[in-house]
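Each remark here refers to the structure printed beneath this line.
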Amino acid sequence: MVEPSSQEPAQSKLQVLLLISVFVIATCGLVYELVAGTLASYLLGDSVTQFSTVIGVYLFSMGVGAFLSKYIKTDLIATFIRVEVLIALVGGFSAAFLFVMFEQVSAFRVLLYTQVSITGILVGLEIPLLMRILQDQYEFKDLVGNIFTFDYIGALLASLLFPLWLVPNLGLIRTAALFGMFNAAVAVWAAYAFSSQLKRPFIQQGIGMVALAALLGVFVLSGRIQSFAETAQYKEPVLYAESTPYQRLVLTRQQEKTRLYLNGNLQFDSSDEYRYHEALVHPGLASVPNPKQVLILGGGDGMAAREVLKYPSVGNVDLVDLDPAMTGLFKARPDLASLNDSSLHSPLLHVQNADAFQWVRTCRKSYDFICIDFPDPSNFSVGKLYTARFYEEVKRILKPGGIMVVQSTSPYVAPKSFWCVEKTLRSAGFHTVPYHAYVPSFGEWGFLMAMNRTYQVPEGYPAGLRFVTAATIAQMLSFPPDMAFREVDENRLDNQALVRYFEQEWAQYQE
């Protein structure tokens, strides 16, 4: 009987640890890709385009890295350790670096894709190097099967953890730094495990430990780094910031002026938001006789609800907003609740955090007035809420004499976008009434009323309005030549023409 070698348990343990390393580095690699895509969508808008281009560049770069790996013929373990340290530093610092540099450089996209490319090349080197290190440990079929099994399991874990736990709880800077520390830990472990095969292994271990310490510093100081970056981006002191599974919420305050930004785009300025919200609600709602049932889609800040609740006949308001962090923030903070007159605390108002597209499809109630206050259609996920299919569903729950109003971006800056929304509403069977109002923070802003009847400018309004009167509405209904009707395509789920128009027209203002 042959006694098992004393080296076999140690060899088996090493094999297991190497496969765990595959799992760790696969998870880290996908997290860096997701961080870059999310950060690009936050800062540059249009999440579909940003994720598509980031993923494409990243995968191509991984292919380049895999190709280059064949030219590494000696010192495989030492090279693998160096690659892990480089990935730890490049990937771990990526979110902090890009956030800080966003306002510092004009060619931010070049910087973004350079960082994505470097990370991709380094990640592309990892697996081929590790396979060659392990080739004497397994038969080829077992080696390939084990490596890719752990690689794909790691990718699955990253794709689940990232939106469900990492971004909501850690944010992008700490998430990148944490996984950078994992890569650095793999480098330190490999330098220890293969110390007998390395020249001066203590130097390799020391470099890994320095990288680990640096990334720990980024993790601990992430709040300060984020505040520094956002102060540079928003030009006003940041009062509150939070990354949710849906968006980046930032509140700024300077003197008595509070501003809300979603993914870097201004949503309101407390000094003049009353103009926007009065124009959004009162031209339509004041013309509905004795309104009782009101639906607000979007409007999680409670400002539109504040205006709706000024009508004593209203007995119920349903507010559907996707992000519970938004409605929770404007309900819980006294300074923000004062802006919406505590509308989110009203017993008449019922908040439902849900996707408006799906919610409307299953809704069995009907409403006298429907207020649609979604963000601008800067990406396809929002663009679907401006399609003919969506408006057909909304029409089903609008009472015969009711009115729907849609915020419709700027008819001055983006006339094609504005008239695309108008044509889409008409294609859904509505009679439309376009109008616009001047809001200092935004400039000329557009709205569209949609109904199944003709429109008459109302004479009576709630007390205390600061902007809307019969006279101002008459002015809102008049369009000068530079905002006049344009012939455009309607917005459908299968073409998303509105998102294309919006990108083209707003691009010159975002340089």
_Total formal charge among the other residues, if their Cβ is under 13 angstrom from that of Ala184, Lys/Arg +1 and Asp/Glu -1_ = 0
_Mean projection area, nm², convex hull over Cα of the chain_ = 28.9 nm²
_Amide H within-cut-off set for Tyr438, under 5 Å, with H built and near neighbours excluded_ = Trp445
*Just the number, please: percent antiparallel of the DSSP beta bridges in the chain, rounded to the nearest 5.*
60 percent
*For Leu156 paired with Phe228, estimate the spin-label separation in nm (one decimal), with each label point 7 Å from Cα along the Cα-to-Cβ line.*
4.0 nm
*Nearest 0.05, what FRET efficiency do Arg361 and Asp75 give at R0 = 56 Å with Cβ-Cβ as r?*
0.40
*What 222 nm value per residue comes from the helices of the chain, counting each DSSP H run with n ≥ 4 as -39,500 (n - 2.57) and dividing by all residues, nearest 500 deg cm²/dmol?*
-17500 deg cm²/dmol
*asked:* So, R0 is 25 Å and r is the distance between the beta-carbons of Tyr240 and Lys292; what FRET efficiency does that work out to, to 0.05?
replied: 0.10
*Compute the label zone of Arg486 within the range 407-436: residues whose backbone N is under 13 Å from the point 7 Å along Cα-to-Cβ.*
409-423
_Helix 167-193 vs. the chain, principal-axis angle (Cα, 0 to 90°, nearest 10)_ = 10 degrees
_Pairwise centroid distance, computed over Cα atoms, of the range 277-323 with the range 87-122, Å_ = 43 Å
*With +1 on each Lys and Arg Cβ and -1 on each Asp and Glu Cβ, and nothing else charged, work out how big the dipole of the chain is about its Cα centre, in Debye to the nearest 20.*
260 debye
*Amide H to amide H, which residues 5 or more places from Arg248 or on other chains are under 5 Å from it, using H placed in the peptide plane?*
Asn263
*Around Ile173: net Lys/Arg minus Asp/Glu count, Cβ-Cβ under 14 Å*: +1
*If you line up the long axis of helix 140-161 against the longest principal axis of the chain, both from Cα atoms, how many degrees apart are they, to the nearest 10?*
30 degrees
_Environment charge at Asn353 (Cβ cut-off 13 Å; Lys +1, Arg +1, Asp -1, Glu -1)_ = -3
*With labels modelled as points extended 7 Å from the Cα through the Cβ direction, what inter-label distance (nm, one decimal) is found for Glu459 paired with Arg253?*
4.4 nm
*Any idea what angle helix 222-234 forms with the longest principal axis of the chain, computed on alpha-carbon atoms, 0 to 90 degrees, nearest 10?*
40 degrees
*Using the beta-carbon distance between Ala332 and Asp272 and R0 = 22 Å, what value does 1/(1 + (r/R0)^6) give for FRET efficiency, to the nearest 0.05?*
0.35
*asked:* If you average the C-alpha positions of the range 450-501 and of the range 171-225 separately, how far apart do those two centres end up, in angstrom?
replied: 57 Å
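Only the coordinates and a few stated rules stand behind these numbers; no lab work does. Computed from a prediction, not measured in an experiment: that's the story for all the values here. Every residue, glycine as well, gets a Cβ built from its backbone with ideal geometry; the counts of neighbours run over all protein chains shown.
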